[in-house]
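Each remark here refers to the structure printed beneath this line.
Bear in mind these aren't lab numbers, they're just calculated from the coordinates by the rules spelled out. Model, not experiment: these values are computed from the prediction. Please note: Cβ atoms are built from the backbone with ideal geometry, for glycine as well, and neighbour counts cover all protein chains shown.
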Amino acid sequence: MKSRSALQVLLVAAGVVLIQLGVSAAGKTYYLTQLTMAVYYAIVVMGLSLLMGYAGQVSLGHGAFFALGGFLSAFLTTHNFAALKSAAWASTLQKLGVLASRKNLYDGSELLTVTPWAAFGAAMLLTLVVATVIGYPSLRLKGHYLAMATLGFGLIIYRILLGTPQLGAADGITGVPAWSLGFGLSVSGKSALRVQNYYIACAVALVVLALLVNLVNSRIGRALRAVHGGELAANTMGINTARLKLQAFVASAVLAAAAGSFLTHFNEGIGPSEASALKSVRYVALVAAGGMANLPGALIVSTLLTFLSLRGWFGTYDSAVFGLILIVIVSLAPDGPLKPIGRWVQMWRGWLLGRKEARHGAA
Amino acid sequence: MALLEAENLCQRFGGLVALDRVSFQVKEGCIKAIIGPNGAGKTTLFNLVSGIFPPTAGRIRFNGTETTGLKPYQIAALGVARTFQNVSLFLHMTVLENVMVGRHLRTRHGVLGCALRWPGQRREERALRESARAQLDGVGLADRAGVPAGSLSFGQRRMIELARALATEPKLLLLDEPASGLNMKETDDLAGRIREIRDRGVTVLLVEHDMSLVMDISDDILALHFGTTITEGPPAQIQNDPKVIAVYLGEHRHVASG
């Protein structure tokens, strides 16, 4: 068991490295930019898979949670707090590393902004609170009330972002600084750091994958699936179903916001379209395409499809393609495309082996 | 001392009175049956005891604690487990996983502990798996551990549901028509199993239509009709009670006029 999971980790790491080497060798390192973005988006999809595939709840507002994380990171790290410099607490915050002064890239003036780590922490905290407020009333009820509540939430956030000049209105926020993570690593869109950022994104995504896989294979994961399978029976087994669903929803929302923060630093900016309902529906389609309750499937399929979309493969039909994917998957392969493919491979292998054995038997 | 005490329970659904001032007690260590024709309020009574909904009026005390108005998971935590009339397994999970869910109350690691797989969590998980296996062994279905619960026969599903309920280590076990859908051999096995469960110290309260099973295993019987108590007592007394006979076979007058 242990050696098997070690082998899996090794295989995945080899895959990640091979893709980078292949892309670099082909002289197309710019592919890594879209790959990195696709991997960050896949984190949202994995979190949503926990909620949809395991807890059986749908969120139509994950784009808004992504935007919540991204915009808070962007706003706090670009807004100039210099006006507050004289306040005593400002210097305390500076000493704590929450605020830091830096040079404006364009005119060389002094800026006092929140540091990326502190902004990230604030984004996580805000998402935690917001998701709890939205999830608490709707998850106490049975049924798809969460889908409606999150849909409404997403529409509100989208409109707020579009209508708030301080957040850049329709243009969003640009000029978001690099986020140095320590150990000489930084999340940034500089083309010199492309390879490094590809690995950072993959590492973050794989850590998230590992944590979620652990979770779904534990008593909590079983309890989540039990809630999905029969809420009343789960409740009579001593599972606080309302609280468990809320925990899954909040965890899923926080992951979306974290991905938003990372991608905003990588892209050096974020626009309001991230919060649009179309984006949220796209995440739902990607969870379905990954196989609903299949976390590695969510990561792989979502990264691939998002990469193709970012490369412009689907042209002007981009959103339509994701709608089509949702319809096809739900009607033809509700377990996602990976499981049927796996079954075909098994079937063909069984068939081939069977013929071989039959020949041996005859001889 | 009585393990379960119900006092003047009333349940109304709109204009329908499902239960009307029903009081009863279940003594610790005995098997008590609730009987009555369809619509007598037996399942409603079960739902009140396990907290599926709160009673319109009346009180329930379990093991000295007032449980009126508590949620099912809170009542389960106090030591009440139940099965359902139409068997409510988690069909997309394996047989073993179903029983493991029953151990939820006896394990404690939360979201973070499980995601990070702390050493204590791994130990707990192993112990949990083993005790669930033992529980499966107890109902003779250990060889089906890895198959989806949805692929079992109805009789086997009942046994898994029983194993899952027992996995919670309850003080009181509520069985809602445990023999319905079982053949005679399976019903016989069930009778032995229920006695065994009582002998291990678990109090059993059951709703059942199979009168030979009820008369065979019960220490005490509560007979309901249209939401009211007709009588209460040991099997021998119930069998000869004219009111019970009238309810089940109809009164002469009614037959004549009908």
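Tabulated data for the structure shown
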item: Folded to 0 to 90 degrees: helix A:338-362 orientation relative to chain A principal axis, Cα; result: 30
item: Average other protein chain Cβ within 10 Å of Cβ, residues B:66-74; result: 3
item: Distance between the stretch A:61-75 and the stretch A:117-190 - C-alpha centres, whole angstrom; result: 3
item: Farthest positive-ward along chain B dipole, Cα basis, beta-carbon charges - from B:H109, B:M159, B:V244; result: B:H109
item: Whole-angstrom Cα spans of the protein assembly as shown along principal axes, big to small; result: 101, 85, 49
item: Residue-wise HN-Hα coupling along the stretch B:148-153, computed from phi with Karplus coefficients 6.51, -1.76, 1.60 (Hz; x: Gly, Pro); result: x, 4, x, 8, 8, 6
item: Simple Cβ-charge dipole of the protein assembly as shown, Lys/Arg +1 and Asp/Glu -1, about Cα centre, in debye nearest 20; result: 1680
item: Violating pairs (Cα-Cα greater than 26 angstrom) within the set B:K71/B:K171; B:K42/B:K71; B:K42/B:K243; A:K103/A:K190; A:K279/B:K71; A:K95/A:K190; result: A:K279/B:K71; A:K95/A:K190
item: With 10 Å bins from 0: P(r) over the stretch B:89-168, alpha-carbon pairs, percent; result: 20, 49, 25, 6
item: Whole-number percent relative contact order across chain A, with pairs defined as alpha carbons under 8 Å at least 6 apart; result: 30
item: Stokes-Einstein D in µm²/s, Kirkwood radius over Cα pairs - chain B at 4 °C with 1.567 mPa s viscosity; result: 67
item: The stretch B:141-217 pair-distance distribution - Cα-Cα, 5 Å bins, rounded %; result: 3, 13, 28, 25, 19, 10, 2, 0
item: Candidates A:T77, A:T264, A:T113: whichever shows maximal mean-square fluctuation once chain A is modelled as a Gaussian network with Cα springs under 10 Å; result: A:T113
item: Under Karplus coefficients 6.51, -1.76 and 1.60, residue-wise ³J(HN,Hα) of the stretch B:222-229 in Hz, glycine/proline x; result: 10, 9, 10, 8, 6, x, 10, 6
item: Gain in span if fully extended, A:V195 to A:Q34, counting 0.36 nm per residue against the direct Cα distance; result: 56.8 nm
item: Mean Cβ neighbour count within 10 Å, used as a protection proxy, ranking B:86-93, A:341-348, B:12-19, A:251-258 highest first; result: A:251-258, B:86-93, B:12-19, A:341-348
item: Amide H contacts of A:G230 (H built 1.01 Å from N, under 5 Å, at least 5 apart or other chain); result: none
item: Dipole in debye (nearest 20) - chain B, about Cα centre, beta carbon charges: Lys, Arg +1; Asp, Glu -1; result: 960
item: Whole-Å semi-axes of chain A's equivalent ellipsoid (Cα gyration tensor); result: 38, 26, 19
item: GNM top mover of A:K279, A:K142, A:K28 - chain A, alpha-carbon springs below 10 Å; result: A:K28
item: Amide N of the stretch A:119-146 lying under 19 Å from the label point, which is placed 7 angstrom from the Cα of A:R159 along Cα→Cβ; result: A:134
item: Long-range amide H partners of B:R82 with built H, under 5 Å; result: B:L174
item: Peptides ranked, highest mean first, by Cβ atoms within 10 Å: ranges A:128-138, B:198-208; result: B:198-208, A:128-138
item: For the stretch A:31-332, size of Cβ-based charge dipole, Lys and Arg +1, Asp and Glu -1, in debye; result: 560
item: Derived scalar couplings ³J(HN,Hα) [the stretch B:131-147; Karplus, 6.51 cos²θ - 1.76 cosθ + 1.60; whole Hz; x for Gly, Pro]; result: 5, 5, 4, 4, 4, 5, 4, x, 9, x, 10, 4, 6, 9, 3, x, 8
item: Fraction of beta bridges assigned by DSSP in the protein assembly as shown that are antiparallel (%, nearest 5); result: 65
item: Average beta-carbon neighbours from other chains, 10 Å sphere, peptide B:103-113; result: 5
item: Peptide B:83-89, shielding by other chains (average Cβ, 10 Å cutoff); result: 3
